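Notes to accompany the following structure.
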Amino acid sequence: MRKDIDIFSIVKKLQAIRTLPVILLTITMSLILNSQAFAQDFGDSVFILPRMTVLILLLVFSSAVLLYTKWAKAGKKLFIRKIAGVDAVEDAVGRATEMGKPVLFIPGIADVEDIETIAGIAILGRVARVTAQYETPLLVPVRYPMVLAASQEVVEGAYAEMGKADSYDKDTVRYVAGEQFAFTATVNGMMMRERPAANIYMGGFFAESLLLAETGNAAGAIQIAGTARPEQLPFFVAACDFTLMGEELYAASSYLSKEPLLLGGLKGQDFVKVLIIIAILIGTLLVTFDIGDWYTNLFDVP
Amino acid sequence: MESFSFLEHFQIWLKAYLILSLFSFMYKDNKFYKLSEHVFAGLSAGYYVGLIWQTVIIQQLVNPMFDKGEWWLIFPGLLGLLMFARMIPKWSWISRTSLAFYMGSTAGIYLIQTLHGFILPQVLSTMVSLDPSNGFAATLLALIIVIGVISTLIYFYFSKEHTGFMGVTARVGIWFIMISFGAHFGYTVMGRISLLIGRVQFLVYDWGESIRQIF
Amino acid sequence: MRTTIPIIVAFLAGTLLIVSFFFHPETIWIGDAKEVILQWMTIVGGFALVLGVVSIVRVNARAVQRKSEGWFYKLMTVISVFAMAIPAMMPVTKESVGGSIFYSIFPDSWMGYLGTGSNSFYDWLFNYVDAPMMETMFAMLAFYIASAAYRAFRARNAEATLLLFTATLVMLWRVPMGEAFLRLFSDNLPGYINTYVMGGFNVAVQRGIIIGAALGAASMSLRIILGIERTYMGK
Amino acid sequence: MDIWEKLNTIDRRWIYLLMFLSILFPTIFVMKFPIELTPEAEQLYNAVEELPDSSVVMLTFDYYASALAETEPMSIAALRHMWRKDMKIITLSNIPLGGPTIAERVTREIAKEFDKVYGVDFVNLGYKANYVAVMHGLASSIESIFPTDYTGTPLSELPLMEHVKSYDDMKFIYCVADNATVDYWISIVNAQYDIPVGSGVTAVMAPKMYSFLEAGQLTGLLGGMKGAAEYEKMVGALGTATIGMDAQSMAHLLIIFLVIVGNVGFFMNRRKAKDAKE
């Protein structure tokens, strides 16, 4: 189990120096209060009032996630159903180990500006732990330098954590070309020459999804994909053995880690999903009886 | 068609060679593909270097700092330089600060964008009138949308096993998903083929013309 | 220290961006914070590129040094990186950074060919070598989509049959010849496909996935801001 | 091994060859099938048609060279349509590779047809990294994001830019894209700055766009080469999209044929396996 450092524990530590938060708060408040506009006319000219709905949604969402995380920390058992594709990830790595062949992992071809990439990198962390344990070779071609930096941190960390820091190869994660199809061409070549036994695609993918997946299929690898982009999902579904669809990609890293802290986020998400379904049903009813303008206006945020 | 200059002939033949060498991969991995692939990788990495150098480092950092006196850009500049600490194993943890800045900002942008730009408008537009007096067609469409959205959302509900009522709804969800994926696949076929048409049009019209002029 | 500072940085950057969304940029500085942070991100990201180049050059140069299999191709990669990058980074005019020194050594006639403008060497390489390869790789999808359809579209079970049936219907509808064929059954069929399949089923599922994925992304973002998810720091 | 088993395990290279031939053939022997219009393409056409003459619009070239076959005909048809109505066009690209160069080439080519002058009737802003920042920035001031145009001329020297300072001075954003930037034009620019956005996208992106279309976040949509061919038909100037539709038909038929053959083979094999069991 890792040491628990998150923003709350940091704040707790800071409370030892009680003055600091007070100072920070005072500075912020005085900056806001001193700004002319604020003094002249509080309200719509400073704060964008119609965006209140987003604030409410943000607060509801954050509290749901935080509450579940708190419960998880307190040791409450949280049930999460099986997600087929995620279980397959571990199996695929196992098979590669048996065959003595490498595992290919692509954390998407988007930059870290895309949250899908971060989800992919988080999953890479879990996969790297398994490959480190069995000393299975791991290939991680990436398309953006920022993704390179983050992926290297993750893989290096995973190897260190498994006590295999010595067998970590610095070029496990490598930058391959900047352009989408140059990247694809290189990875396709890699699949045909190094013949990985398992190809795992997790993150943001675009048109190259099928180019990669078909080549991987022709090379005879087990393939597991995950992306939140609805436009690429059909191709992964057609050409891969397992596909994590949309939200499942984000769920996968929490699910794989089995850490209660991360599962809390997943539960919070589910809670808000139920609220959304209820909101849709109420809205539909109100609109059907033509009395829903006040309600739909809440959702129409500039 | 007017006759091509030497440079134009060269460019057309170069293009044609590149097209054929990449296509040859579909038959089998081979030397021509390998060469094109490696050149391609190098060029595109170099392309980004040139691009970032001119549009980011020069235009957004160096010029504003020295010409306009925007000295505070020194901070992102330093944050960027911290990235290089990665190259020294002992100090590589320092670069995490820059990474964290990047990740934290991304997360901040996304949190708002997903809630404001995706969830609210999509939820809003799902609240459609089911009033039968709108006509059969409109009501049917509205029903498809409401049932489809809700069953898809339930398919992605992780906190319960898919049994009983949940199971039925999730199954409806997966049917909806399959129909949508089929539609999507079918629709996309067109796009992919048009790209190939573009290539074939080049080979037949441009390269063909060049061959005709030379021989 | 090694994790505390990054977590605080991520928290501050993320929260500032969220808070700034709720304020008018014209009237209060905090509303403007978004643009500043975005500019900073661009600059930090720009520096990271060096890491990428170092990685690609190191991986390939090592293979060349060892004369391992295929070293010639790896050498071509390294040469291509520099052939594209170096002329592009040179000063374009005497006024640009380092330009006055550069053009006192090299002839002024080089100006047009350096940098990234149209007519530059960089631009030519892009237009006649890089771009055709991009287009070709992309075009290969036509072949792959055909073979994927051949393998995957088998009526194995109810779900697969639905997939296959809709795909075929939509493929027919999207081309003139097929549309004429569909009209043999009913004149309204193409319209129905557009309205109910594309505008109904498709929209509903896309929307469901968009909402679900947005929730996932939001929860991921929240975890990053709060320092709960920090795999990217190697933890 | 009988024919059905062979069919099931056919080498994929035969499929590649058939595909190539099915496109080569109609490219050499042009046929021409009629093209029907879809309502979402008409919506886009009408949205542009209904704008007052000589209004300022933004046309984005958010696509890589790799998607030219689908997107370039859209840009060309859009330019022809807009200039026929004497509109002022501002182009930009959120794509580093290709976008700005393509914009430069295409606009200048079409400008010749209509005798339009650079700087007065159209301006190419070029590319600037980080599209999210660009999209937000254009709302307050174009000049802050693009101090100069693509070729390096300061905006203050271009007559058109004198009275075009931000989104407020534009009537419509016509976004031609082959990637996710269009999502941001919708979820940021349309959502926060309230300017109508219409788009022409590659076929692969079109289905997702329908949900934005339904939600009213998007005004009109062109999907892939067919969409481009439709726009060409409405504008009344035939281009490569229209010619390509024949090859498109052949290739679709081939794929449908393959799917049928594949399924017949699948069922024959399954029946045989059942017979063998009994």
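The values are calculated or read from the model by the stated rules, or taken from the named source; none is laboratory data. Computed from a predicted structure; not experimentally measured. Positions of Cβ are generated from backbone atoms using ideal geometry, with glycine treated the same way; all protein chains shown enter the neighbour counts. Note: areas computed on protein heavy atoms with side chains; ligands, DNA, RNA excluded. Shrake-Rupley method; radii C 1.70, N 1.55, O 1.52, S 1.80 Å.
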Exercise for the section: For the protein assembly as shown, report the convex hull volume of the alpha-carbon atoms normalised per residue, in Å³, without decimals. Expected result: 192
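Under a 1.4 Å probe, what is the accessible area of region C:1-85 per residue, stated in Å²? Working shown, then result.
Values: 3630 Å² over 85 residues.
That works out to 43 Å² per residue.
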Fill in the blank from the handout: On the formula 1/(1 + (r/R0)^6), with r taken between the Cβ atoms of A:F289 and C:H24 and R0 of 45 Å, the FRET efficiency rounded to 0.05 is 0.75
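By the gyration tensor of its Cα atoms, with a ≥ b ≥ c the square roots of the eigenvalues, what is the shape of region A:84-257: rounded for a/c under 1.5, prolate for a/b over b/c, or oblate? Let's see the in-between values first.
Working: a/c = 1.25, a/b = 1.21, b/c = 1.03.
Taking the square roots of the gyration eigenvalues as a ≥ b ≥ c, region A:84-257 is rounded.
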Completion exercise
Log entry, pair C-B: total buried accessible area, probe 1.4 Å, protein chains only, in Å² rounded to 100, is 10200
Exercise for the section: Return one number: the angle in degrees, 0 to 90 and rounded to the nearest 10, between the long axis of the Cα atoms of helix D:99-114 and the longest principal axis of the Cα atoms of chain D. Expected result: 70
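Keeping the other protein chains in place, figure out the carbon and sulfur percent of the accessible area of the protein assembly as shown, with a 1.4 Å probe. Before the final figure, lay out the partial values.
Numbers: 24920 of 38710 Å².
The computed percentage sits at 64.
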Practice task
Report Rg (one decimal) and Dmax (nearest whole number) for chain C, counting Cα atoms only, units Å.
Solution key: 27.2, 77
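Other chains' Cβ within 10 Å of D:227-240 residues: what's the mean?
Working: counts 3, 1, 2, 0, 0, 0, 0, 0, 0, 0, 0, 0, 0, 5.
Partner-chain Cβ atoms within 10 Å, mean over residues of D:227-240: 1.
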Exercise for the section: Using only atoms on other chains, find how many Cβ atoms lie within 10 Å of each Cβ of peptide A:156-163 and report the average. Expected result: 2
Handout entry: Nitroxide proxy distance, nm - points 7 Å out along Cα→Cβ at B:I74 and C:A61
Key = 3.2
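By the gyration tensor of its Cα atoms, with a ≥ b ≥ c the square roots of the eigenvalues, what is the shape of region B:26-103: rounded for a/c under 1.5, prolate for a/b over b/c, or oblate? Numbers along the way, then the final one.
Numbers: a/c = 3.91, a/b = 1.74, b/c = 2.24.
The shape class here is oblate.
Take every DSSP beta bridge with both residues inside the protein assembly as shown and express the antiparallel ones as a percent of the total, to the nearest 5. Please list the in-between numbers first.
Values: 2 of 44 bridges.
Taking every DSSP beta bridge within the protein assembly as shown, about 5 percent pair in antiparallel fashion.
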Exercise for the section: Could you tell me the largest-minus-smallest coordinate of the C-alpha atoms of chain D on each of the three principal axes, in descending order and whole angstroms? Expected result: 83, 38, 33
Handout entry: Cα-based shape type of chain B, given that a ≥ b ≥ c are square roots of the gyration tensor eigenvalues and the cut on a/c is 1.5
Key = oblate
Exercise for the section: Roll a 1.4 Å probe over the protein heavy atoms and report the accessible area of A:L275 in Å², nearest 10. Expected result: 70
Fill in the blank from the handout: Between D:A273 and A:R193, Cβ-based FRET efficiency (R0 35 Å, step 0.05) works out to 0.45
Completion exercise
Here the residues of region B:37-62 lying in the modelled label zone of C:F106, meaning backbone nitrogen under 19 Å from a point 7 Å along Cα-to-Cβ, are B:43, B:46-55, B:57-59
Exercise for the section: Give the peptides A:194-204, C:122-132, A:54-64 in descending order of average Cβ contacts within 10 Å, highest first. Expected result: A:194-204, C:122-132, A:54-64
Handout entry: FRET efficiency for A:E135 and A:L49, using Cβ-Cβ distance with R0 set to 45 Å, rounded to 0.05
Key = 0.15
Fill in the blank from the handout: Of the DSSP H helices in chain C, the ones reaching 30 Å or more along their long axis in Cα terms and averaging at least -1.0 in Kyte-Doolittle hydropathy are C:29-65, C:203-225
Practice task
Residues in region B:120-148, backbone N under 17 Å from the label point at B:V168 (7 Å along the Cα-to-beta-carbon vector): list them, ranges by number please.
Solution key: B:147-148
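Out of all DSSP beta bridges with both ends in chain D, state the antiparallel percent to the nearest 5.
Values: 1 of 25 bridges.
About 5 percent, rounded to the nearest 5.
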Problem - Considering only region D:2-128, percent of DSSP beta bridges that pair antiparallel, nearest 5 - result: 0
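Can you give the accessible area per residue of region C:90-131, in Å², using a 1.4 Å probe? Intermediate results must be reported in sequence, preceding the final value.
On the way: 2320 Å² over 42 residues.
It amounts to 55 Å² per residue over region C:90-131.
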Handout entry: Hydrodynamic radius (Kirkwood) for region B:128-215, which is based on Cα pairs only, to one decimal in Å
Key = 17.1
Fill in the blank from the handout: Both in Å, the radius of gyration and Dmax of the C-alpha trace of region C:142-233 are 19.6, 61
Exercise for the section: Determine ³J(HN,Hα), in whole Hz, for all residues of region B:192-209 in sequence, where each value follows from phi through the Karplus function 6.51 cos²θ - 1.76 cosθ + 1.60 and θ = phi - 60°; x replaces Gly and Pro. Expected result: 5, 5, 4, 5, 5, 4, x, 5, 5, 4, 5, 4, 6, 7, 6, 5, x, 5
Handout entry: For chain A: relative contact order, % (alpha-carbon pairs under 8 angstrom, 6 or more apart)
Key = 22
Completion exercise
All alpha-carbon distances of region D:207-278, grouped into 10 Å bins from 0, give the whole-percent distribution 17, 23, 24, 17, 12, 6, 1
Handout entry: Relative contact order for chain B, counting Cα pairs under 8 Å that sit 6 or more residues apart, in percent
Key = 16
Handout entry: Cα→Cβ-extended label distance, 7 Å offset, between D:S55 and A:S167, nm
Key = 6.6
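At a 10 angstrom cut-off on C-beta neighbours, averaged per residue, how do the peptides C:97-105, A:214-222, A:106-114 rank from highest to lowest? Numbers along the way, then the final one.
Numbers: C:97-105: 12.7, A:214-222: 21.6, A:106-114: 25.3.
By packing density, highest mean first, the sequence is A:106-114, A:214-222, C:97-105.
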Practice task
Mark the label point 7 Å from the Cα of D:E157 along Cα→Cβ and return the residues of region C:103-117 whose backbone N is within less than 17 Å of it.
Solution key: C:112, C:117
Exercise for the section: Compute the distance in nm between two label points, each set 7 Å from the Cα along the Cα-to-Cβ direction, one at D:F33 and one at D:L21. Expected result: 2.0
Exercise for the section: Would you please name the GluC sites (Glu not before Pro) within region C:25-76 that are DSSP coil residues with at most 11 other C-beta atoms within 10 Å of their C-beta? Expected result: C:E26, C:E69
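Can you pull the Kirkwood radius for region D:1-54, inverse mean 1/r over Cα pairs, to one decimal in Å?
On the way: mean 1/r = 0.0625 Å⁻¹.
16.0 Å is the Kirkwood radius here.
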Handout entry: Per-residue mean of C-beta atoms belonging to partner chains within 10 Å, peptide B:75-84
Key = 6
Exercise for the section: With everything on Cα atoms, drop me the angle between helix A:84-99 and the longest principal axis of chain A, reported from 0 to 90° to the nearest 10. Expected result: 30
Handout entry: Degrees separating the helix A:180-194 axis from the principal Cα axis of chain A, which is the longest one
Key = 40
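Counting alpha carbon pairs within less than 8 Å and at least 6 residues apart, what relative contact order, in whole percent, applies to region D:163-255?
On the way: 109 pairs, mean separation 18.9, N = 93.
Reported as a whole number, the value is 20 percent.
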Fill in the blank from the handout: Quick numbers on region C:28-124, Rg and Dmax over C-alpha atoms in Å, give 18.7, 61
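Within 10 Å, count the other beta carbons around each residue, average over each peptide in B:174-180, A:85-91, and list them highest first.
Working: B:174-180: 24.4, A:85-91: 18.6.
In descending order of packing, they fall as B:174-180, A:85-91.
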